[in-house]
1. How high is the relative contact order of the stretch 118-265, in percent, counting Cα pairs under 8 Å that sit 6 or more residues apart?
2. For the stretch 356-409, just say rounded, prolate or oblate: build the C-alpha gyration tensor, square-root its eigenvalues into a ≥ b ≥ c, call rounded for a/c under 1.5, and beyond that prolate if a/b exceeds b/c, oblate if not.
3. At a temperature of 20 °C and a viscosity of 1.002 mPa s, determine how fast the stretch 366-489 diffuses translationally according to Stokes-Einstein, using the Kirkwood radius over alpha-carbon pairs as Rh; express D in µm²/s, rounded to the nearest whole number.
4. Any chance you could check the Cα centroid distance between the stretch 415-477 and the stretch 103-124 for me, in angstrom?
5. Using 0.36 nm per residue of separation minus the Cα-Cα distance, give me the extension gain between Asp199 and Val216 in nm, one decimal.
6. Give, in nm to one decimal, the length gained when the segment between Asp293 and Thr280 is fully stretched (0.36 nm per residue of separation minus the Cα-Cα distance).
7. What translational diffusion coefficient, to the nearest whole µm²/s, does the stretch 260-318 have by Stokes-Einstein, given a Kirkwood radius computed over alpha-carbon pairs, a temperature of 10 °C and 1.306 mPa s viscosity?
8. In whole Hz, what ³J(HN,Hα) sequence does the stretch 414-425 give by Karplus (6.51, -1.76, 1.60; θ = phi - 60°), x for Gly and Pro?
Amino acid sequence: MKVLQMILLVLGLRMGRSFPMPFNGFQNDDTSDIASEAVAKHSLTVKGCIGKFSSQEVYVLNVHFSNKDSGFNLLNMEVSREDADGEMPEKPPVLIINANTDVYTVITGSAINHPVTVYHSSSVKTSGEKPNWNISAINLPANSEELLQWAKAKYSEVTFFAELENPKTIYLDLMKDKTGPETCELQDHFHVTNILQADYLMKDIETYDIQNAEPVKNAYILHVIHRHPYPSHKIIDVNVTITSGQCDEPPVVYLKSEDGYSWNIHNTESIAIVASGNYTLHDFKIPGLNLPDSKDGLLAMARSSPTFTLLKSISYVQVFDAMSVDLPVSCVQGKKEIALTTKQPVDRCTELLQATMHYMCNNEQLIISVSKELMEVCNLQSVDDITFLESQCSAKIRENYIVLETSRTECQTVMSGNEMINSIKVKRNGIDIFEKIVLCKIPKLKVEVFQDPDFTLPTKIFDADKTTYVRVETNLINLSICECDLSVGNKTVMLNKSRPQFINDRFFWIFNTQGLSLPATSSAKLSCSFCYRYDVPLDCVYELLDVTIVSKSNPQKGGLGMESVLGITFGAFLIGALLTAALWFIYTRTRSSFKMQPVPTLPGGSESSSTNHSIDSTQSTPCSTSSRA
């Protein structure tokens, strides 16, 4: 029903009549209650390049922050590494991180399970112990050209270099790609889609207040502009969230980009959409409209819309080369409601809590962890100041983490369906300074086996002579690591893992058996495990599936295929026919010989009474006559 309402909203806007409106009451208003933050993800760098490597990969990040005098910048980094062929390079990859100000860096990702050598400037602080990483501080040049030359002098070549400005989160993929240029030469506005993406806060949102008598809704214009050379992606993902609760009158969102770009809209809330280029909304493909190319033209279009007389404000944001955008919007509410929802500035303590807090759970246990730096940043006297909802359940320090741990029945933990619910509370001098409700979904695995890469017909058979595919789905794909293997007795075969896939708003891991030698047996167990990828330990979640392995080149032991059954049946029939023919031949020959045998006559009385008669004489056979001596 909600999807239908959203489609009707879109059609209503498309069919509405336009008429001009004057500029009266249309002015810039920086004090509007409209949401002032949006996040865009793109792969555009200030400067960057890639180069070919032989035995060692070298990745260099030069990160600049505009607010370098604030004393605190938070940077999230998700570093991934996938070794599809199972082979490790001759030397571990090198990651060099430089920053122009003090930066607290939270690093996660699959690469923390692989050996990596990390050099960072003294301004960069990293969180958490990573046993496989060799991390050390070093003096690094601040200028990108000098930093690149320094790295080349040390390692002869650089695999990847990027200068970034004000990133919120960096997604770095340590790829084993040997197809780059011979050398890394810096280029302005360099696109690196396959290696790096980053999230950026868009704070330059211009909001114009409209002096209407009884406004009931807000309008938003998202203008995505692509610089030359244009990136390869032609679809922009958009996630619109309403920050002020359910709307009586849904906001209007205008989406504009160049010709050839389409939109993929992910949201479940009622919004009205006007877009240039085609867009997809809940699997509905809707044709776009011709929208103006300039900011003034887009504002004039929104002003001339029939909905203008209902608007409280129009917000305009321009972003370059976005691959995806998270756009928060708000509803028009009464002044009393607005006053109640006014947000206080976020201090360093709250920001660090929200950035480093992770929670994980399985069927028996809930764990919440935060960085140990919290004690200093929040000026806490004791780790006992951090508790669950039940104040007696306090935290403990475990290496570089502050950890809260409870079972499903303790510390006022509540189970609601598949969720484990509790709260984390932080006190300073006996006064609550932070409280957050934690709803942790217990991960569930759905494991399916397919004989084809299109995942059309699920099966429980692995063909040892062909590639078999395994698809695993969970509800926490972005926060986890998944592995699958086949077990036969004491032998275990690890399946190849591909990158996660996004299909119809769901994430999947994909595994396959390409190039693997499967044991010749009829039965096996497929085991897939889900593990959180944080340093704080928690038991994994497993899903087991009984499967069968078949092979034409190695027949199954203890089982017969259809071809074997047909062969045995035909062989038995042929042997039976031959035996029948042989018996018939013997029967006919023997019968004819008996017919040719002469009828014996009785001898005289003197002979028959002689004892020597039975000794001296012989019986005739089919091939001889009687004789006497």
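Values in this text are rule-based calculations from the coordinates and carry no lab data. As the structure is a prediction and not an experimental result, all values here were calculated from the model.
1. 17 percent
2. Details: a/c = 2.61, a/b = 1.56, b/c = 1.67.
Oblate shape, in that a/c is at least 1.5 and b/c is the bigger or equal ratio.
3. Working: Rh = 17.8 Å.
D, rounded to a whole number, is 120 µm²/s.
4. Between the Cα centre of the stretch 415-477 and that of the stretch 103-124, the gap is 26 Å.
5. Numbers: separation 17, 0.36 × 17 = 6.12 nm, distance 3.20 nm.
Result for the pair: 2.9 nm of gain on full extension.
6. Values: separation 13, 0.36 × 13 = 4.68 nm, distance 2.16 nm.
Gain on stretching Asp293 to Thr280: 2.5 nm.
7. On the way: Rh = 13.0 Å.
Answer, rounded: 122 µm²/s.
8. 10, 9, 10, x, 9, 10, 10, 10, 7, 9, 10, 10
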